[in-house]
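Trainee: Below is a structure I'd like to ask you about.
Bear in mind that the values in this text are calculations on the coordinates, not laboratory data. On a predicted model such as this, the values are computed, not experimentally measured, just so you know. Ideal geometry is used to build each Cβ from the backbone, glycine not excepted, and the neighbour counts take in all protein chains shown.
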Amino acid sequence: SRMQTAERVEVVPMSVIETPTGAAPIYRRDNGAPVGDNRNSKTAGDMGPVLLEDAHLIEKLARFDRERVPERVVHARGTGAKGMFRATADISDYSMASLFQPSKETPVFVRFSSVIHGHLSPEYLRDPHGFATKFYTDEGNWDLVGNNLPVFFIRDAMQFPDMVHSLKPDPVTNRQDPNRFFDFFSHVPEATNMLTHLYTNLGTPASYREMDGNGVHAFRLVNDEGEQVFAKFRWISDQGVKNYTAAQAKEAGFNYLTDDLYGAISRGDHPSWNLMMQVLPVAEIGSLDYNPFDDTKEWLDRPWMKIGEMTLDEVPENFFEWTEQSAFAPSNMVPGIEPSPDRMLQGRLFSYADTQRYRVGANLFDLEVNAPRVAEAGDGPLNNNQNGQLNRSGRESHVNYFPSAMAPKQTPARARYSNYEIMAMVDQKQIEKTPDFEQPGIFWRSLSEADKAQLIANLSGDLGQVVSDRTRTIMVSYFYQADPEYGTRLAGAVDVAMPDVMQAVAEFNAAAPQTFPSP
Ligand code: HEM
């Protein structure tokens, strides 16, 4: 396993701005007019009220009142950096994506994040950690919106809002509560793999630099001939994977992940990653003993090949403009990269762009962090989407429709969606082949004794708070089915009786597929 527990290191403090010399620029209102007094409101005499006609005061307060946009519904706490991706392998047999020509460079913006806690929450809390990369390719932006963990909790977008509700603070008490999220997860055996990863020290990384990233889903790659394969992507950290114990993370402090990344980049210690890819030929998708489009599973038996390198070398000049307003969406794809049938990915294709039109606004692509850097981008609107708040398209043409002889635009054949055949019954049911306990068992057995002990301590710390014996027992029965030693050690730590665990295992295995333990 690549995982190590790090020694805790002190974060280097940021440098302080020097006092400038010479004449200072004039302080102005938003309309450009100079401001004569920026400390005192205009009043009706010494003892009189403040006048509404003080336009500068009203503007200042009104702008202040509007400083916040809604935080991301998940992954609200994060930090971003700019950098460069360099392709290192010719993968044109698999994908025509223009960024993958050896030694071609593509600028990137990366945002790291935690998932559940709010915008200004402490960075030491246990969470999966987001690793989202926006590649500004010459054929449009490709967003690889992944996590540090290789799998996910659930495999159907239908369950995502419920899962997030269970993990977010209680609607009554406004506190996160293990009674609620383990109630949810006791109905979700496929979460066993992700929960096992999350409760190791991978849930408290030593830094963002020492974290791998995973695309998690399968993607459909298409080459120039229209031929297709499925692929998964992973970032491997050149800094290694290092984690803290829960106690070390807490000691590292409120802002340690951001401070570390900013500190390293500012002192010229630029973190880098290798982009790796796994390939699954279409003909082999039925031959695995699990569904290859189930994001609760890794493709454990497939080799990884290196296809590129990324270095982060610049901290954004303004946190809000770049990091907060960045809008990563799995639906931002480029020719050569398309969706697989993964039901989570399919839901994400809708959800991100939708939330961003609300969170940032319909004209979010006009912001520098989100704007594509394609050749035509300087020459006015790319398409006929128009208007809305804060529009700055610079549209001068009479033609805002397609097609037009007055202002023709091309739709190149290479950019058409690929063709593939489907023979299927339309229905609504769970996937077949769900060996949900095999991979968490393999993962458990790959851990060192120290990491096993940490996992049991971390997991029992939360599961042990659950009041319901039945919920604790069902949860332990899942971990037991992953590995008997794992389940037995956990049962001891959360005060669950082994005969009850064995009873829950028997009930689980007696239930027909498609049925879940009833509440
Ligand atoms: C952020 C939805 C699954 C990784 C978000 C956001 C939404 C969302 C609405 C906020 C976006 C924004 O405001 O800009 C969903 C849904 C999912 C899902 C509906 C399942 C159907 C996943 C999975 C991963 C993931 C499987 C990892 C592979 C991320 C990351 C961010 C994010 C990294 C933060 C991006 C950033 O830094 O701005 N998700 N998510 N999500 N999600 Fe998901």
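Trainee: Can you give the translational diffusion coefficient of the range 380-433 in µm²/s, computed by Stokes-Einstein from the Kirkwood radius over Cα pairs at 10 °C and 1.306 mPa s?
Mentor: 100 µm²/s
Trainee: How do Ser41, Ser460 line up, fewest other C-beta atoms within 10 Å first? Working shown, then result.
Mentor: Working: Ser41 13, Ser460 20.
With the sparsest Cβ surroundings first, the list reads Ser41, Ser460.
Trainee: How are the C-alpha pair distances of the range 95-164 spread across 5 Å bins, as whole percents from the shortest bin up?
Mentor: Using 5 Å bins, I get a P(r) of 3, 13, 17, 19, 16, 14, 10, 7, 1 for the range 95-164.
Trainee: Going Cα to Cα from Lys429, which aspartates and glutamates come in below 20 Å? Please leave out same-chain ones fewer than 8 positions away.
Mentor: Here the aspartates and glutamates satisfying the reach criterion relative to Lys429 are Asp156, Asp162, Glu190, Asp289, Asp294, Asp295, Asp342.
Trainee: Another question, if that's okay. Taking the Cβ of Leu125 as the center, what net charge do the other residues with Cβ under 15 Å away carry, scoring Lys and Arg +1 and Asp and Glu -1? Present the calculation step by step, with values, prior to reporting the outcome.
Mentor: Working: positive: Arg77, Arg126, Lys168, Arg175, Lys250; negative: Glu123, Asp127, Asp177, Glu251, Asp462.
So the surrounding residues net to 0.
Trainee: Measure nothing fancy, just the Cα-based angle from helix 469-482's long axis to the longest principal axis of the chain, in degrees from 0 to 90, nearest 10.
Mentor: Computed tilt is about 80 degrees.
Trainee: Compute the orientation-averaged projected area for the range 264-357 from the convex hull of its Cα atoms and round it to one decimal in nm². Walk me through the intermediate numbers first.
Mentor: Working: hull surface 34.7 nm².
Average projection, Cα convex hull of the range 264-357: 8.7 nm².
Trainee: Rounded to whole Å and sorted largest first, list the principal axis extents of the Cα atoms in the range 46-91.
Mentor: Computed over the Cα atoms, the extents are 75, 23, 16 Å.
Trainee: Express as a percent, rounded to the nearest 5, the fraction of DSSP beta bridges in the range 77-141 (both residues included) that run antiparallel.
Mentor: Close to 95 percent.
Trainee: Moving on. Can you work out the base-10 log of I(q)/I(0) for the range 405-465 at q = 0.13, 0.16 1/Å, using the Debye formula on its C-alpha atoms alone?
Mentor: -0.72, -0.80
Trainee: Taking the Cα atoms of the range 438-519, report the difference between the largest and smallest coordinate on each principal axis, in whole Å and largest first.
Mentor: Principal-axis extents of the range 438-519 (Cα, largest first): 37, 28, 19 Å.
Trainee: Please order His117, His398, His75 by the number of other Cβ within 10 Å, starting at the fewest.
Mentor: Working: His117 20, His398 9, His75 23.
Final ranking by Cβ density, sparse to dense: His398, His117, His75.
Trainee: Using all Cα-Cα distances in the range 1-153, what percent lands in each 5 angstrom bin from 0 up to the longest?
Mentor: Over the range 1-153, the share of Cα pairs per 5 Å bin runs 2, 6, 9, 10, 11, 11, 11, 12, 9, 7, 5, 4, 2, 1, 0, 0 percent.
Trainee: Give me the angle, in degrees from 0 to 90, between the Cα long axis of helix 343-359 and the longest principal axis of the Cα atoms of the chain, rounded to the nearest 10.
Mentor: So the helix axis and the longest Cα principal axis differ by about 20 degrees.
Trainee: Further question: Can you pull the semi-axes for the range 114-258, root of five times each eigenvalue of the Cα gyration tensor, sorted largest first, whole Å? Provide the component values of the computation, followed by the final result.
Mentor: Numbers: eigenvalues 165, 89, 41 Å².
Equivalent ellipsoid semi-axes, largest first: 29, 21, 14 Å.
Trainee: Lysines near Lys42 by alpha-carbon distance under 25 Å, same-chain residues fewer than 8 away left out - which ones?
Mentor: Output for Lys42: Lys60.
Trainee: If you bin every alpha carbon distance in the chain into 10 Å steps from zero, what whole percent lands in each bin?
Mentor: 3, 16, 25, 25, 16, 9, 4, 1, 0
Trainee: Going by alpha carbons, how many degrees (0 to 90, nearest 10) lie between the helix axis of 484-493 and the longest principal axis of the chain?
Mentor: With rounding to tens, the tilt is 70 degrees.
Trainee: Looking at the range 298-414 from every direction and averaging, what is the projected area of its Cα convex hull in nm²? Walk me through the numbers on the way to the answer.
Mentor: Working: hull surface 44.0 nm².
Mean shadow area of the hull around the Cα atoms is 11.0 nm².
Trainee: Hey, another quick one. If each residue's Cβ is checked for other Cβ atoms within 10 Å, how do Thr173, Thr137, Thr79, Thr311 rank with the fewest at the top?
Mentor: On the way: Thr173 9, Thr137 24, Thr79 21, Thr311 17.
In order of increasing Cβ crowding within 10 Å: Thr173, Thr311, Thr79, Thr137.
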